[in-house]
Amino acid sequence: MELICPAGTPSSLRAAVDAGADGVYCGFRNETNARNFPGLNFSPEELAEGVAYAHRRGAKVLVAINTFPRAGALNLWFEAVDDAARAKADAIILCDIGLMAYAAETYPEMRLHVSVQAAAANPDAIRLYVDEFNAKRVVLPRVLSVPEIARITRATTCEVEVFVFGGLCVMAEGRCSLSSFATGLSPNMNGVCSPASHVTYEETGGSVVSRLGGFTINKFAPGEPAAYPTLCKGCFKTGLATGYIFEDPVSLDAATLLPGLKEAGVTALKIEGRQRSRAYIENVVRTFREAISAVNEGRAIPAGALQPMSEGQSNTLGAYRKTWR
Amino acid sequence: MKLTLGPVLYNWEPSIWRDFYYRVADEMPVDTVCVGEVVCSKRLPFFQDVVPEVVERLMRAGKEVLLSSLALVTLERERKQIASLAKEADPLVEVNDVTALVYLAGRPHAIGPYVNVYNEGTLAWLGRNGARQVCLPPELPVSSISALATACPDVALEVWAFGRLPLAISARCYHARLHKLTKDNCQFVCGKDPDGLPVDTLDGQRFLAVNGVQTLSTTYANLIENIPDLAALGIASCRLSPQTCDMVAVAAAFRDVADGRLSPEEGRRALSEICGEIPFSNGFLFGKAGVDYRARSPE
């Protein structure tokens, strides 16, 4: 299995490559990219340098152009595909049907990966992208159990990539407009979710209230760390209960499932976190490198290799465990 | 401007579901009616048997019928259900997940609001593949709607004009989670909330609603005041999504505004009376927070 790692900056890209990533994914510094955060991402020149660095060390670079192009402004997204091709990227990761059609026609030799944002959750949906756009790999949405993933790999010739670590979308990816309902800005259109520009923290008597677009997302007692108000991990009230209605503030850690995912026929394992620091990337990549190499070689995962890395957060196996649903 | 009644998104009692559509056939001034389960495949067996008679009655009443497909397809039985639905030549299938497209390629079909149609490249591709009409994602601003209508005049475009906004779909069932059940043993508790279960902030502010695996707005979308502008852009139809309020009266108000018998402002006042305390939203149209409502400026 390949290890695919995030890079929000050129220095994170080099760190991930040096720590043993088989592939690094990144995006451009604009709304073509679903991690369109201030201070992150690559210019076309930085991408070309990053690709050259990775190739010298035998690693690949995958470029995520994974928002849905705005009507009447397709050129920005076409240029992103052009720039990725010019930089000699190893693949582009797309979610929009129209953009896939452009890429498949303009760059038939370029590897096309179906982004998680396309939420292709079954063999028929995958077949559409393979037959129509010659997709070579699909990143599965985080809605499937391990046996369901195994059924998909058996039913398709397309390579399958799955997330194993980091932030967890609770909703089917690419099919969520909770963020834009509250703020006007969405992952699909703007490449942001619960954007910092719309976040406030209000402190009264030591307690903190976090808000997004004016909606209270959570309240914290004095001394309790105030988590970032990601909408689907907020605390809300219903007639039945008050609490984390959608999901607790957890992140995904599927390290213990690596042997099962290998057996399920998964080609590549993906780590979330292009917004994370270089040091974090280095640590997570090194840890997963050891574990995956062990699994690939049929050895036991070294004890202690998978100590919690998620910076104080609790972890979940998410939909990989069926009862999560 | 045509009117389309979207599929019932909630888990209604089969007899109530059937009687609702009978009343639609007899009384509701809409052109097109969508029938089928979009949210959760576990609900379908309860009303599957009455679908043929409902479809027949709607067609006899002169309605165009669309058979709506599931929005998130993960299980083998769901794939089989999509494949068998796609065998239908009449009525047309409304596709809510790209899964159905492989079965319908080259044959006429409709695209529902759960397929990501954000730009003219995708719309043109879908048109070439056989899509005749497309209900756009509710998130789209008017600038995008306008660009799409201009670029692809051959595909009839529809906007989400009334009812709770479908904001997200998940593998996890929030109704089951709230009732401390698992999805596999859910006891169909979503049936307790025929209009969705309101989710408020900790301050008691209205915010969202859950409907099984679906998350919606607690507000009702309401584009009745925007009908003249949408018509001017060439939008073919407005979608009304069933809630428990008097949907015949809702459709009548939309019909009256579309035909000029009521002013847009009068239409909004009529809907306010029908919907009681539920606030309205049309913010997505203006590229603002979807929850916002912008009243029509006086002419």
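So, restricting to strands (runs of 3 or more DSSP E) that lie completely within segment A:207-276, which ones have at least 2 residues that are touching a Phe, Trp or Tyr at 6+ places or on another chain (Cβ under 8 Å) and over 30 Å from A:Asp22 (Cβ atoms)?
On the way: elements: A:207-212, A:215-220, A:250-253, A:268-271.
Answer list for segment A:207-276: A:207-212.
For segment A:231-266, name all the residues that are of a type in the set (Val, Ile, Thr) and more than 13 Å from chain B (Cβ to nearest Cβ).
Our first condition is that a residue be of a type in the set (Val, Ile, Thr); within segment A:231-266, this holds for A:238, A:242, A:245, A:250, A:256, A:266.
Residues satisfying the conditions are A:Thr256, A:Val266.
Against the definition (more than 13 Å from the chain's Cα centre (by Cα), within 11 Å of chain A (Cβ to nearest Cβ) and buried (at least 20 other Cβ atoms within 10 Å of the Cβ)), how does B:Ala147 come out, yes or no?
Yes; evaluated as a whole, the condition is true for this residue.
Determine which single condition A:Ala120 fails, assuming it passes every other condition in (1) assigned to a helix (DSSP H, G or I); (2) within 12 Å of chain B (Cβ to nearest Cβ); (3) among the hydrophobic types (A, V, I, L, M, F, W, C).
For A:Ala120, the failing item is (1).
Every residue in segment A:107-144 that is closer than 19 Å to A:Gly27 by Cα, among the β-branched types (Val, Ile, Thr) and in contact with a Leu (Cβ under 8 Å, 6 or more places away or on another chain), please.
Passing the criteria: A:Val114, A:Val116.
Would you be able to tell me the number of residues in segment B:168-205 that are facing chain A (nearest Cβ under 7 Å), charged (D, E, K, R) and buried (at least 17 other Cβ atoms within 10 Å of the Cβ)?
Of the residues in segment B:168-205, 3 are facing chain A (nearest Cβ under 7 Å), charged (D, E, K, R) and buried (at least 17 other Cβ atoms within 10 Å of the Cβ).
So in segment B:49-101, with the set limited to residues that are without any contact (Cβ under 8 Å) to a residue 24 or more places away in the chain and of a type in the set (Val, Ile, Thr), which one is nearest to B:Glu158 (Cα to Cα)?
Going through the qualifying residues, I end up with B:Val98.
So A:His113 fits all but one of (1) over 24 Å from B:Val95 (Cα atoms); (2) part of a strand (DSSP E or B); what number is the exception?
Just one mismatch for A:His113, condition (1).
Checking B:Arg132 against (1) away from every other protein chain (no Cβ under 12 Å); (2) within 14 Å of the chain's Cα centre (by Cα), which single condition isn't satisfied?
The failed condition is (2).
Give the residue that is nearest to the other protein chains (Cβ to nearest Cβ), with candidates limited to residues of segment B:86-100 that are surrounded by fewer than 24 Cβ atoms within 10 Å (Cβ to Cβ) and farther than 15 Å from B:Pro7 by Cα.
Kept after step one, since they are surrounded by fewer than 24 Cβ atoms within 10 Å (Cβ to Cβ), are these residues of segment B:86-100: B:86-92.
From the residues that got through so far, the ones that are farther than 15 Å from B:Pro7 by Cα too are B:86-90.
Numbers: B:Ala86: 10, B:Lys87: 14, B:Glu88: 17, B:Ala89: 19, B:Asp90: 23 Å.
In this case the residue turns out to be B:Ala86.
Do you know which of the residues in segment B:215-234 that are within 14 Å of another protein chain (Cβ to nearest Cβ) and within 21 Å of B:Pro166 (Cβ to Cβ) is surrounded by the most Cβ atoms within 10 Å (Cβ to Cβ)?
Per the criteria, the residue is B:Thr215.
Can you find even one residue in segment B:151-158 that is within 9 Å of another protein chain (Cβ to nearest Cβ), at pLDDT 95 or above and closer than 23 Å to B:Leu233 by Cα?
Going residue by residue through segment B:151-158, those that are within 9 Å of another protein chain (Cβ to nearest Cβ) are B:151.
Of the ones still in play, those that are also at pLDDT 95 or above are B:151.
Retained after the next criterion (residues that are closer than 23 Å to B:Leu233 by Cα): B:151.
Yes, segment B:151-158 contains a residue that is within 9 Å of another protein chain (Cβ to nearest Cβ), at pLDDT 95 or above and closer than 23 Å to B:Leu233 by Cα.
One line per residue, one yes/no per condition, for (1) closer than 19 Å to A:Pro69 by Cα; (2) modelled with pLDDT of 95 or more; (3) surrounded by fewer than 24 Cβ atoms within 10 Å (Cβ to Cβ):
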{"site": "A:Ile149", "(1), (2), (3)": "no, yes, yes"}
{"site": "A:Thr157", "(1), (2), (3)": "no, no, yes"}
{"site": "A:Val160", "(1), (2), (3)": "no, yes, yes"}
{"site": "A:Gly166", "(1), (2), (3)": "no, no, yes"}
{"site": "A:Val170", "(1), (2), (3)": "no, no, no"}
{"site": "A:Arg175", "(1), (2), (3)": "yes, yes, no"}
{"site": "A:Asn188", "(1), (2), (3)": "yes, yes, no"}
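Give the residue, chosen from A:Tyr102, A:Tyr129, that is within 10 Å of another protein chain (Cβ to nearest Cβ), part of a helix (DSSP H, G or I), hydroxyl-bearing (Ser, Thr, Tyr) and crowded, with 24+ Cβ neighbours inside 10 Å. Step through it out loud before you land on a result.
On the way: A:Tyr102 fails: crowded, with 24+ Cβ neighbours inside 10 Å.
Among A:Tyr102, A:Tyr129, only A:Tyr129 is within 10 Å of another protein chain (Cβ to nearest Cβ), part of a helix (DSSP H, G or I), hydroxyl-bearing (Ser, Thr, Tyr) and crowded, with 24+ Cβ neighbours inside 10 Å.
Can you tell me how many residues in segment B:143-184 are part of a helix (DSSP H, G or I) and within 18 Å of B:Val210 (Cα to Cα)?
Filtering segment B:143-184 for residues part of a helix (DSSP H, G or I) gives B:143-151, B:174-178, B:183-184.
If we keep only those that are within 18 Å of B:Val210 (Cα to Cα) too, we end up with B:174-178, B:183-184.
Of the residues in segment B:143-184, 7 are part of a helix (DSSP H, G or I) and within 18 Å of B:Val210 (Cα to Cα).
Out of the residues in segment A:158-195 that are β-branched (Val, Ile, Thr) and not in a loop (DSSP other than H, G, I, E, B), which is nearest to the other protein chains (Cβ to nearest Cβ)? Let's see the steps before the verdict.
If we filter segment A:158-195 for residues that are β-branched (Val, Ile, Thr), which is where we start, we get A:160, A:162, A:164, A:170, A:183, A:192.
From the residues that got through so far, the ones that are not in a loop (DSSP other than H, G, I, E, B) too are A:160, A:162, A:164, A:183.
On the way: A:Val160: 14, A:Val162: 14, A:Val164: 17, A:Thr183: 6 Å.
Filtering first and then ranking leaves A:Thr183.
Tell me, yes or no, whether segment B:256-266 has at least one residue that is in contact with a Phe, Trp or Tyr (Cβ under 8 Å, 6 or more places away or on another chain) and either in contact (Cβ under 8 Å) with a residue 24 or more places away in the chain or away from chain A (no Cβ under 14 Å) (or both). Steps first, please.
Taking segment B:256-266 first, the residues in contact with a Phe, Trp or Tyr (Cβ under 8 Å, 6 or more places away or on another chain) are none.
No.
Please indicate, with yes or no, whether at least one residue in segment A:43-60 is surrounded by 16 or more Cβ atoms within 10 Å (Cβ to Cβ) and within 20 Å of A:Ala118 (Cα to Cα).
No, segment A:43-60 has no match at all.
Just to be sure, is A:Val61 more than 22 Å from B:Val98 (Cβ to Cβ), away from chain B (no Cβ under 11 Å) and in contact with a strand residue (DSSP E or B) (Cβ under 7 Å, 6 or more places away or on another chain)?
Values: more than 22 Å from B:Val98 (Cβ to Cβ): yes; away from chain B (no Cβ under 11 Å): yes; in contact with a strand residue (DSSP E or B) (Cβ under 7 Å, 6 or more places away or on another chain): yes.
Criteria met by A:Val61.
The values are calculated or read from the model by the stated rules, or taken from the named source; none is laboratory data. The model shown is predicted, which means the values in this text are computed figures rather than measured ones. Here the Cβ is made from the backbone with ideal geometry for all residues, glycine too, and neighbour counts use every protein chain on show.
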